[in-house]
Amino acid sequence: MRQRRFKRTHRKKSNNDAEQTFRKIRMPDPQEHEQFAIITKLLGTNKVQAICQDGKERKCRIPGRMKKRIWLREGDLVTVKVWDFQPDKADVVWRYSSTEKFYLARKGALEGLPI
């Protein structure tokens, strides 16, 4: 049987858990035609269907930089960028965690979305 060359060492957990770290939440930029959306259906390959903040249902494309790194599910809050040449389609730009979703809902930023 093969022996390990190096002994595994276990690190102690730090006591810095009491410190809270705050992150800025990315907000959609209206000048770039970005808005909040809720994913309603996964369409396969790299497409999803989402209800946007303006009340329209759009087919959204997941770009290659997000495809295998960020997994999307039904009910996720995302930011989409509407195509200016085809307004019934959009690109997914950002996915929010459930904590960020509840924070934005509490602040009133998600008006017009079925949450």
Flagged as over-length at 25 Å C-alpha distance, from K56/K101; K47/K68; K68/K107; K24/K47, the pairs are K68/K107; K24/K47
Ranked from fewest to most other Cβ atoms within 10 Å of their own Cβ, F102, F22 fall in the order F22, F102
K67 and Q86 label points (each 7 Å along its Cα→Cβ direction) are spaced in nm at 1.7
Per the rule of 0.36 nm per residue minus the C-alpha distance, extending F22 to E57 adds in nm 9.3 nm
hull vol. (C-alpha, convex hull) per residue for the range 28-107, Å³ -> 94
Relative contact order in percent for the range 28-107 (Cα pairs under 8 Å, 6+ apart) equals 28
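Where a number appears in this text, it was derived from the coordinates with a stated rule and is not lab data. All of these numbers come straight from a predicted model, not from anything done at the bench. Because the Cβ atoms are built from the backbone with ideal geometry, glycine has one as well, and the counts that use them run over all protein chains shown.
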